[in-house]
């Protein structure tokens, strides 16, 4: 297996996540897509770590996983609070802020 | 392919003595301010559960008192930049990072002042706000000291996730929650892009010892300035910095998030989030910055982002009457203005005072923003997300002091001569002229002129009473608008900030040269 195979998969994961955030309208799916982007980068870090034969990238992934968990915890709390207000998690319903 | 004779990861397996030599560099004294801020935050959270409701205002006062003590410690401790290697080279204490420590701590105290006013007459949990702001401030300070991409990432995310919580702080308001969701989704995307940039740079630098430290990345880039992976990574990192500063086209979150967030959080976003961006820019493009070897590659990107931000931020702000949106877009143009300094810095010409000018501008922006947000938080309109220009109609008649303070703050933001904002802008205009960036100079002048138009619309509303406004259609007078007054402590703080605005505007040159850390 070449490093480029891993990089292609990582890039695909990142791209799927990115377009998921941009195109989907369900807030929960958007949060999932955010995670997908981070996981794409994690895969990339681990692949580079294996290529360079050092542990720095693999260790960095732990920090990234922790941050992703914290982010999604806050995100889910916000989505739940919004759901209580609006009875929906569709982002098209959240259009109250304007000039 | 593993080289011969090397087992998996064996080449870098550490022996006991190298571990000891790294742990010898753990000098916790160097991080006392950050550690104490985290402890204050955790103490507030814990004590909030334990003490009865009547004691909570005193708990908050106690916490703020501890913060003031910490500021005193920072001001009077003689600790300066140390050449010592700290935490295995992950933390770097310089006079610049010390400056940012003080800046963030003063900003934090200002935010606490705004929060105290904001929470009056609002049924919200209070102590948590102070706790989270403490931890966010600790994250920002740590960021200024980071010397490795690991610390940079962790510190930056501490700040960002704390800010998500603070934006969503008013859980009963759909506006606050909506803006928090928008901030979270866009901020999360930005985090992923930042991480992608770091991963690409790691992929390029790779096999050296400690590949994520700034030093090795800089050394690598100086040798291979044409590495494609590193270039892509650098662009990704610049995009994420531009998101923090709020530069066009990465500004899309600004108007909505500023509008929906509670007023003290909006102030924290506009002062601190912007400064965080410039901390990163100092780390990246400063004299010993990571990406200084790629400065000529990045220069055109930075230039165009700056020009577009200056124009777009001001022109968009013209159309807004909602004050928080207006301050947000004017913040975009302030970010563009500050980028002029960074551009000059990247060129590394004769202008050695430019880093001092950037710090001076950040300070001027902080003082002026605190005055303006201070007046907004004292007036404390019931609909926090809907503070309009026209709500200020007739302010000077009812509350002349607040109208005067507002004029000083807004005038300083606009850059009117005796005030500090003018000197800050003027320094950049001189710098742009001296480094022969005439297009930039022209656009900056245009930006100043346009910004005066919308800033003074606000002052006009405060000082002139529209005779038609008070009347309904059938000619009967409606209820007069009522404005809340300032308490004695508010008056004291506003007078102090106002005097500072004028004094620093008249005698700025000293600071410009004193703060030249490069």
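The values are calculated or read from the model by the stated rules, or taken from the named source; none is laboratory data. Just so it is clear, the structure is predicted and the values come from calculations on it, not from any experiment. Cβ: placed from backbone, ideal geometry, glycine included. Neighbour counts: every protein chain shown.
Data overview
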read-out	value
Helices (runs of 4 or more DSSP H) enclosed by the range B:372-464 - at least 3 residues per element that are in contact (Cβ under 8 Å) with a residue 24 or more places away in the chain and surrounded by 17 or more Cβ atoms within 10 Å (Cβ to Cβ)	B:400-414, B:420-434, B:438-463
Boolean, residue A:28 is free of Cβ contacts under 8 Å to residues at least 60 places away in the same chain and either farther than 20 Å from residue B:163 by Cβ or within 8 Å of chain B (Cβ to nearest Cβ) (or both)	no
Among the candidates B:281, B:298, residue that is assigned to a helix (DSSP H, G or I), under 23 Å from residue B:364 (Cα atoms), modelled with pLDDT under 95 and in contact with a helix residue (DSSP H, G or I) (Cβ under 8 Å, 6 or more places away or on another chain)	B:281
Any hit, the range B:188-207, residues being crowded, with 24+ Cβ neighbours inside 10 Å, out of contact with any strand residue (DSSP E or B) (no Cβ under 8 Å at 6 or more places or on another chain) and closer than 15 Å to residue A:27 by Cα	yes
Residue check for residue B:419: at pLDDT 90 or above and within 30 Å of residue B:346 (Cβ to Cβ)	yes
Candidate set: the range B:127-157, residues that are under 30 Å from residue B:52 (Cβ atoms) and within 14 Å of chain A (Cβ to nearest Cβ); chosen: the one surrounded by the fewest Cβ atoms within 10 Å (Cβ to Cβ)	B:128
Options B:50, B:70, B:105, B:109: the member that is surrounded by fewer than 16 Cβ atoms within 10 Å (Cβ to Cβ) and over 20 Å from residue B:214 (Cβ atoms)	B:50
Verdict on residue A:63 being farther than 20 Å from residue B:160 by Cβ and within 8 Å of another protein chain (Cβ to nearest Cβ)	no
Residue within the range A:87-97 that is facing chain B (nearest Cβ under 7 Å), modelled with pLDDT under 95 and either surrounded by fewer than 20 Cβ atoms within 10 Å (Cβ to Cβ) or within 15 Å of residue B:188 (Cα to Cα) (or both) present	yes
Any hit, the range B:237-246, residues being in contact with a helix residue (DSSP H, G or I) (Cβ under 6 Å, 6 or more places away or on another chain), farther than 30 Å from residue B:318 by Cα and facing chain A (nearest Cβ under 8 Å)	no
Matching residues in the range A:47-60 - criterion: being more than 7 Å from every other protein chain (Cβ to nearest Cβ), touching a helix residue (DSSP H, G or I) at 6+ places or on another chain (Cβ under 6 Å) and free of Cβ contacts under 8 Å to residues at least 40 places away in the same chain	A:49, A:58
Test for residue A:73: is it exposed (fewer than 14 other Cβ atoms within 10 Å of the Cβ), closer than 16 Å to residue B:189 by Cα and more than 7 Å from chain B (Cβ to nearest Cβ)	yes
